[in-house]
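Structure first, then comments.
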Amino acid sequence: MSARENLPASSRQLMTELQSSGLRLVDPRAGVSSRRGGAGPSDHKAVTVDGVTIMVPVHTSTAWDSPFVAGQPDANGNSALMRNTIPIASISFPKAPRFYAMQTLDGVPYSHIATLHSADVLATTVLQTCIRYESRRKSCKFCAIGQSLAAGRTIARKTPEQLAEVARAAVLLDGVKHMVLTTGTPPTPDRGAQILCESAFAIRAAVDLPIQAQCEPPDDDRWFERMKASGIDTLGMHLEAVTPAVRERIMPGKASVPVSRYMQAFEAAVAVFGRGQVSTYILAGLGDSAQAIVDMARDLIALGVYPFVVPFVPISGTPLEDHPAPTPDFMRSVLMPIGAMLAQANMRSADIKAGCGKCGACSSLSSYEV
């Protein structure tokens with residue numbers, strides 16, 4: 001049983017509330033720098049609660065009005081968490097990783113190649129551009145993939161050699177345990193599978209690091225075999241929203257790939273990667289009902305797909321920046337039944353080899369797998 005599954009109910013509830021309500025910081029410089037914009041998790045900061053590190057919104061409109069406030073950290077990095085003015089818990093912030101101080105031979109900071117998510121997960125967006133993002137009429141309205149590129153905090157294309165160099169340093173210097181490779185969708189029918197294969201192959205040649213790759217379903221299911229052969233351990237293909245009406249309204253370009261194609265791709269991918277090693281992001285709070293999310297999760301679990309349900313975070317500078325985050329009550333109404341279904345199916349996050357579901361920092365779902 002993982003540390004998250006051993007959490008007392010009070011800590012699980014606090015994590016759920018923090019991820020819905022966000023956090024105000026007395027000292028925003030504490031610990032690992034917060035992430036503004038980018039492919040996600042964005043406008044978040046890593047916070048350790050009861051020994052578990054989660055990602056908590058700090059730069060969103062919701063967070064600015066949050067009842068939760070983190071006090072000034074002490075010499076050991078611990079901070080009092082207050083609900084309004086009442087201390088309710090002690091939290092801490094992970095320190096910046098050592099590999100952030102390094103740069104490539106051509107002068108690119110390692111932090112522009114890949115970043116630390118949570119406590120021990122390295123993540124990168126291999127291609128920081130996307131055909132969906134190029135037109136605001138077709139783009140996903142929650143997406144901020146272009147923001148970090150425009151701000152000069154990353155580069156448009158990370159080469160396999162750069163990724164391998166940074167991954168090796170992150171393992172040796174900071175004990176990174178697994179890695180996430182995501183990508184904007186290129187104008188090719190493989191939808192990014194090829195560049196993910198090239199990246200994974202180079203990384204695994206340099207360091208023994210479990211890898212999750214994330215992309216839209218490619219046009220040809222044979223890409224799943226190629227991705228597995230390149231060294232990719234787990235695969236994420238993200239629905240985000242589960243009902244056609246919400247998908248068409250929130251992500252008109254991506255909705256051109258119907259849910260039926262995702263389900264076909266999930267089935268084919270599970271046959272290659274194994275049960276529980278294929279996952280999908282579902283953003284609760286975009287407009288899908290709790291029942292629709294739970295029903296979709298049930299279908300996904302039956303296929304062997306892990307439904308990683310996270311609270312929607314309204315990112316500044318996007319069309320949905322003023323969209324409300326889901327309430328803690330809404331999140332509990334979704335996470336409790338899905339966590340129970342995952343436990344009953346013996347398909348827990350702790351058994352995922354690599355990726356967002358294994359990390360679990362963007363959702364308290366794994367703490368409900370009891």
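Among the cysteines of the chain, those with no neighbouring cysteine Cβ under 4.7 Å are CYS130, CYS197, CYS215, CYS356, CYS359, CYS362.
Annotation: amide H-H contacts under 5 Å for SER90 (H modelled 1.01 Å from N, sequence separation of 5 or more, or interchain): LEU81.
How high is the relative contact order of the chain, given as a whole-number percent (alpha carbon pairs under 8 Å, six or more residues apart)?
Numbers: 814 pairs, mean separation 64.7, N = 370.
Worked out over the chain, it gives 17 percent.
Comparing mean-square fluctuations of VAL108, VAL47, VAL310 from a GNM of the chain with C-alpha springs under 10 Å, the top value falls on VAL108. Scalar couplings 3J(HN,Hα) for region 138-153, obtained by applying the Karplus form with A = 6.51, B = -1.76, C = 1.60 to θ = phi - 60°, are 10, 6, 5, 6, 9, 7, 10, 4, x, 5, 5, 5, 5, 7, x, 9 Hz; x denotes Gly and Pro.
Taking the chain as a Gaussian network, where each spring joins two C-alpha atoms under 10 Å apart, which residue of SER279, SER90, SER20 fluctuates the most? Residue with maximal mean-square fluctuation among SER279, SER90, SER20: SER90.
Helical content alone sets the calculated 222 nm signal of the chain at -9500 deg cm²/dmol, taking -39,500 (n - 2.57) per DSSP H segment of four or more residues and averaging over every residue.
Rounded, prolate or oblate: which one fits the chain, using the alpha carbon gyration tensor with axes a ≥ b ≥ c (rounded when a/c is under 1.5, else prolate when a/b beats b/c, else oblate)? Rounded, because the longest to shortest axis ratio a/c is under 1.5.
Sorting ASP295, ASP74 from the fewest to the most surrounding beta carbons within 10 angstrom yields ASP74, ASP295.
Residue by residue, region 326-337 carries 3J(HN,Hα) couplings of x, 6, x, 5, 5, 4, 4, 5, 9, 5, 4, x Hz when phi is fed to the Karplus relation 6.51 cos²θ - 1.76 cosθ + 1.60 (θ = phi - 60°); x denotes Gly or Pro. When peptides 364-370, 55-61 are ranked by their average number of other Cβ atoms within 10 Å per residue, the highest-first order is 364-370, 55-61. Quick one: 3J(HN,Hα) in Hz for region 359-370, Karplus 6.51/-1.76/1.60 with θ = phi - 60°, rounded, Gly and Pro as x. With coefficients 6.51, -1.76 and 1.60, one gets 4, x, 6, 8, 8, 8, 3, 4, 6, 9, 7, 10 Hz. Of all the options LEU283, LEU116, LEU173, the one that moves most in a Gaussian network model of the chain with Cα springs shorter than 10 angstrom is LEU173. Residues ILE282, ILE250, arranged from fewest to most other Cβ atoms within 10 angstrom of their Cβ, appear as ILE250, ILE282. Residues whose amide H falls under 5 Å from that of GLY355, counting only those 5 or more places apart or on a different chain, are MET179, GLN212, with hydrogens built in the peptide plane.
Once backbone amide H atoms are built at 1.01 Å from N, GLN103 has TYR110 as its partners under 5 Å, excluding neighbours fewer than 5 places away on the same chain.
Coordinate-derived values only; no laboratory data. Predicted model only: the values in this text are computed from it and were never measured. Positions of Cβ are backbone-derived with ideal geometry, glycine not excepted, and every protein chain shown enters the neighbour counts.
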